[in-house]
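**Student:** Okay, here's the structure, questions in a sec.
Throughout, read-outs are computed from the coordinates displayed, never taken from laboratory work. Predicted model only: the values in this text are computed from it and were never measured.
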Amino acid sequence: MRKFRMLAAFLAVGAGLISGCSGTPDSGTSTATAPSSASTSTAPGSSPAGSAAPSPDTETSVPAPAPATSRPGNGPGQGNAELAITLVPSPGAPEVNYTLVCSSGEPAAESSHPNAAAACAALKANPAIAAPAAPGTSQPCTQQYGGPQTAAVTGMVDGIAVDSKFSRTNGCEISTWDAAKDVLGASGGAS
């Protein structure tokens, strides 16, 4: 009888440990029932229980739609932007920070950009200059050095988030920098 009690105690402890590790309720049994509607509330605009619309946590076999675009388009845009621009003239040099806010291609009063009118006009003419595409592997880039300057542009252009890095370490990057020089400020940090 004593061995039976020890075995029963051992099994009870083991069952408790297993249920604690499995994420099931303390009873050690798994339940597959949904919570009752009395304990949950339905948010406005969401589907009530029993409707055909799946909950946000439900896995489906339908793929999610692709994002409209990951960067602003080439060609004329709306000219709306809210950007933070950071220039580093050389390693160890202090950063130069600008804020650029444009509405329909015109600078807003809160812009601290040195030539906000030119920057807003450039973004309206071609919003993609704020988020250039990376050169393809088949695109040759001359191995020339344009200087140690680097820049970062973050924010929104025509409602699309941008987070771009610029440098002047080869021909392709120099070309990209030169295209965005009005947005980067002054001569884009390049002398």
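**Student:** Tell me, what HN-Hα J-couplings in whole Hz come from the Karplus equation 6.51 cos²θ - 1.76 cosθ + 1.60 at θ = phi - 60° for each residue of the stretch 118-125, using x for Gly and Pro?
**Tutor:** For the stretch 118-125, the Karplus-derived couplings read 5, 5, 5, 5, 5, 5, 6, 5 Hz, x marking Gly and Pro.
**Student:** Hey, another quick one. Once a ≥ b ≥ c are taken as the square roots of the eigenvalues of the Cα gyration tensor of the stretch 102-188, is the result rounded (a/c under 1.5), prolate (a/b larger than b/c) or oblate (a/b not larger than b/c)? Don't jump to the answer; show the numbers that get you there.
**Tutor:** Details: a/c = 2.44, a/b = 1.72, b/c = 1.42.
It is prolate, given that a/c is not under 1.5 and a/b is the larger ratio.
**Student:** If you don't mind, there's one more thing I want to ask. Would you pull out the residues with amide H under 5 Å of N115's amide H, same chain only if 5 or more places away, H placed 1.01 Å from N?
**Tutor:** Amide H to amide H, under 5 Å and 5 or more residues apart or across chains, N115 pairs with A186.
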